Structures are given as structure tokens and as C-alpha cells.
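Below is one structure, written out as C-alpha cells, with a few remarks after it.
Computed from the coordinates by the stated procedures, all read-outs in this text should not be read as laboratory data. For clarity, every value in this text was computed on a predicted model and none was experimentally measured. For neighbour counting, all protein chains shown are included, and Cβ atoms are generated from backbone atoms with ideal geometry for every residue, glycine included.
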Amino acid sequence: MFIVSQRAVFLGAALTQAAIAGVAFSFLHLLNIEGLLSSLFNIQVVEGSFFHHFEHTFFSLLFAIIVVFIYSQSYKQKYLTQDGLLGIIFVVAVAIRIIFIQKSPIAEVSEIESILKGDILFIGAQEFYTLLIILFIVFLFFTSFAKQFRFVTFDAETANAHGLDSRFWLLIFYLIVGIGISLTTRFVGDVFTFAFLILPASISILLAKRTNHVFLYSVIIGAIIPPLAIYIAFKLDVSSGPTAVVTVFVLFLIALLYKKWRK
Amino acid sequence: MVSDITKSIIKFSEVSIGYGKKVLHQNLNILIDRNDFIGVVGPNGAGKTTFLKTLLGNIKPLAGRVEKDNLVFGYVPQRDIVQPLLPYSVHDVVMMGRYSLLGLLKLPGKVDEEIVRESLNRVGISNLSSLNYNSLSGGQRQRVLIARALAVKPDVLILDEPTNGLDTPSHYSVLNLISEIHTEDQLTILIVSHLLTDVANLVKKIILFEIDRFQYGLIDEILSEENLAKSYSTDMEIKKIGGEYLITTKHKEF
């Protein structure tokens, strides 16, 4: 909701690609974070556990956070627009992902591509509970600091003048978005994550009369469409992720037409 | 009591303002008294916005000291920078004025609701409280932003180009409101505007920024054709008609 209202939609696209590039980087095994942590804390890594994926998750988060920091500092320079900067990050992330995968010593390119793109159908109990924790943390942050996020995304200049450090709050905001995107991309894929970052909020903005309703509608759309899309995908024998994106897009078109008709 | 009313509440001592290594003005010495009504004028790029940001504490002075005794500032930005996609109600927007005073986690309470109601009443738009901010006219939006600044319960109200892009009735109605707030609420006001005639007829003192130079004083002392010509690099004409200033550029015959 705030991403759309901030007109920072392309940040979501850049972050999903950066997160995937991070996962791809982890396949190079240049830094064995998982091994280092398991020896430090004397943890036995179990195949399929969240910890087993920690190295991928670590680099996914690291790449996303680096992008957030670069983006949050972009106001200091005058040679590039923020859109231009995000465009560069996007294409570079895609390019280095391809290079990282090609140079990976451990597996076939297509195999890694499928691992790092994620798929909603392959979410197990571990991933489900991880996503639930992410949802809880993001929800907690956005409800606890709703007034700060509202003010700085509505009018950063006045928020600053009234004593709220808008750069700090926007950095926190982008960090939460970055962490959320990098972890969800890992599990459900970049297209699904990006689509569900933008489309439910865009639909809600078209339909809602109050800001609180935008939040509520976005959550409802985000909860209802994926199971519906899985059912449609099963019936039509097509992939579930793209079906979910197309389904939510159809809903967006209906909302847009309804809005135009109402006017 | 008289000395209390006229006490200086803001003091710029030998202040240099600018960004990074770029110094826009040096040795600014400005005293702003309680209940002052000051116009900040000058050509584009002369340092008006930098001065405001330094005063608000958003950027640090490059040299010197700015003393402002824990003052609370109410800020009204240029209306065009506030173009929300989200459907905020007028009440929501004015309530934002309370956010910075509530602390990290506290939610607005009854006192805040009462202050929002008062602020809406003060600017004459209590009937618009439940409407969507995006559905309002320019003049109404400007009143909402002024109400939000008043909801801070400010010691100093700062307005940046408050009449930009308004139609003539809204333009004068907003200027009258600002004047009323100054006289009735005894509020110290700084108004930035490129409309010299408006400023001249509204305020008591003026800060005239020029490239590398500034002047500050009573309006009659500062407002001269010579000063304006230097500042704006063009010949200006100042007329007084019925006690009101009319400032125009002199037409040159080619």
C-alpha cells in the first residue's frame, strides 16, 4: 500500500531481482556462511530445514538490503533519477544472476533457476511457518509505526519540519519491504512476489474510500486470490504462480472498469 | 508583559547557510521576535528554501548559531508536493499534525481529536472533515494543510508559497486567513512567496534574499525599487494605491 502510494513500485521489481541475484550468488559458495554459523553455534544442519537454506536466505537478504541502502541514499546525487537508478539495479541484478548461475560449480543452470525462482506449490511446513513469521513481523511493524509511515509517505517534507526524521523512517520502511520481498521471493518466486506487492494495493486504492480500507482490502485480496488461482491452475493444467498473477490482474481490470463506470 | 511579547524567540548569529561545500549566504544575523510577521522573498536560487530548512533544523548551518528555544514549528508546504494516491480524509491529514508530538507508539487520543476539531474550525472547514483530501479544491486543500500546521499548536507558523496556483477568490481568502491567524492568535508567521505584492501588503518585516546578499528589516525600509532591482536583476516599480502596495516589473520599450 505504502509502496504504491510512494510511487516506488519499481523498487519492488529491483528488490525481487536483487534477492534472486543474492540466492544465485550463494550457489558460488565463495563464502560458506551456513558452515561458519553451524560450526560457531554447533548446530546440526538437517536437509530441508530452514537452516539448511540459511546461506541462500542470508545472501538474498544481504543483496536486498544493499539495494535498499543504495536507494535510500539516492537523494544525495543529482545525476540520475530514482527510476533510472532502479532500472540500472534491475538489469544489473538480472545480468549478474545469470553469470553467477553459469559459474556455479554445483548444479545445472535449469535446476538452480527453478530453486531460486521458488514456487507456491512447493511450500512445505518450514516455508509456511517462515512466511507466517514474516507476515507477523511486517504486520507488527506497519501497525506499530503506522502514524510515522503514513506521515512520511504522505508528505516527507512536513514530517521533517514537524520533527519526524523522514529519511530514517523511509529507510526503516524500505528495509522492511526489502526483507519481506527477499524472503518471499525465495519461496514463491519473483513474479508472484512483485505482482502481489503491487496489484492488491492498486485494486484497493481504486475501490476503498478510506486508507484503513485500502489496507484491509489488500490483505483480503492477497489471502483469497492465491488459493483460487491454484484451483484454476489445477483445472486448466497450467502453472499456479502465473495463474495467480493473471487472476489478480483480471480483478484489477474489473476494479478499474467499475471505478470508471462509477464516475 | 510588553517585553515578553517582543522578546526575540529566534536568533541567527553569524550563520552561514548552504548545502555541502556550497555556501549560499554568510554572516546572517537575524532576530525574530514573538508575534513577528515576516515575508521571505527573493529570486529563485537565492537561498529562501535553504534558509527555511536551516531554521527548521532540517539542515545544519555551515557556520554560526541558530538559537530557537525549543520552539514548536508548524509547517505548510507547497501544495503541489502533497498529491496522495491513498484516500486520506481531511481529518486524517490534519491528525498528522499531532503525530510528531505523540511519541513512538502512542495513538491519538481525545485531546488530539479535540485539537484537530479546533484546527478545522479555525480555518473554517469543519464541515469537510470526513471528505477525501483528493476531492477538495486547491483553496480547500490549502486550508487543510494550514489546519494540520495549527494542530501542532505551533509557536511559529511557516508557509511556503501558500497561494501558488490558486484562483483569485481562493488566493485572497487564504491570504485573509493567514492575516487573521496572525492578528487573532498572536502567532509568529514566516511566509515565503514569489508574489511581492502579496507579501508587501501582508507582512510587517521582510527578508530579501539576493544572490550572495540579504537584507532584513521593516517593510518600508527594505522595499525600494533600487533594492528590488538589485535582487531580481530587473527594474521594478513600487506604487502605493489606497495604502496598498502594487509591485510590478517596469516595461521596457524595444
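Miscellaneous remarks
- Axis angle, to the nearest 10 degrees, between helix B:90-99 and the longest C-alpha principal axis of chain B: 80 degrees.
- Helices that extend 18 Å or more along their long axis by alpha-carbon positions and average at least -1.0 on the Kyte-Doolittle scale are, among the DSSP H runs of chain A, A:9-26, A:54-72, A:82-103, A:125-144, A:166-188, A:190-207, A:211-236, A:240-262.
- Partners of A:Lys147 within straight-line reach, counting aspartates and glutamates whose Cα lies under 19 Å from its Cα and excluding those fewer than 8 residues away in the same chain: A:Asp155, A:Glu157, A:Asp165, B:Asp92, B:Asp112, B:Glu113, B:Glu114.
- Trypsin sites (Lys or Arg not before Pro) within the stretch B:113-159: DSSP coil, no more than 11 neighbouring Cβ in 10 Å: none
- For the peptides B:94-104, A:234-244, the ranking by mean Cβ contacts within 10 Å, running from highest to lowest, is B:94-104, A:234-244.
- Peptide B:130-137 has a mean of 1 when you count, residue by residue, the C-beta atoms of other protein chains within 10 Å of its C-beta.
- For chain B, the Kirkwood hydrodynamic radius comes to 19.4 Å, computed from all pairs of different C-alpha atoms.
- Under 15 Å from A:Lys263, Cα to Cα: aspartates and glutamates that are on another chain or at least 8 residues apart: none
- Among beta bridges identified by DSSP and lying wholly in the protein assembly as shown, the antiparallel ones come to about 60 percent.
- Length-normalised contact order of chain B in % [C-alpha pairs under 8 Å, at least 6 apart]: 23
- Leading residue at positive end of dipole, the stretch B:84-154 (Cβ point charges), from B:Pro108, B:Ile125, B:Leu86: B:Ile125
- Shielding by partners, peptide B:87-96 (average Cβ within 10 angstrom, other chains): 4
- Cα-based helix-to-principal-axis angle, B:110-122 vs chain B, degrees rounded to 10: 50
- Annotation: extensible slack from B:Leu246 through B:Val23 equals 77.0 nm (criterion: 0.36 nm per residue apart, minus Cα-Cα distance).
- Projected label distance in nm at A:Thr143 and B:Lys239, using a 7 Å step from Cα toward the beta-carbon: 6.5
- Cross-link partners for A:Lys103 among the lysines, with Cα-Cα distance under 18 Å and sequence neighbours closer than 8 places in the same chain left out: A:Lys117.
- The fewest-to-most ranking of B:Asp185, B:Asp36, A:Asp190 by surrounding Cβ atoms within 10 Å reads B:Asp185, B:Asp36, A:Asp190.
- Lys, Arg +1 and Asp, Glu -1 on Cβ, resulting dipole of the protein assembly as shown about Cα centre, debye, nearest 20: 420
- Among the residues of B:48-58, the average count of other protein chain beta-carbon atoms within 10 Å of the residue beta-carbon is 2.
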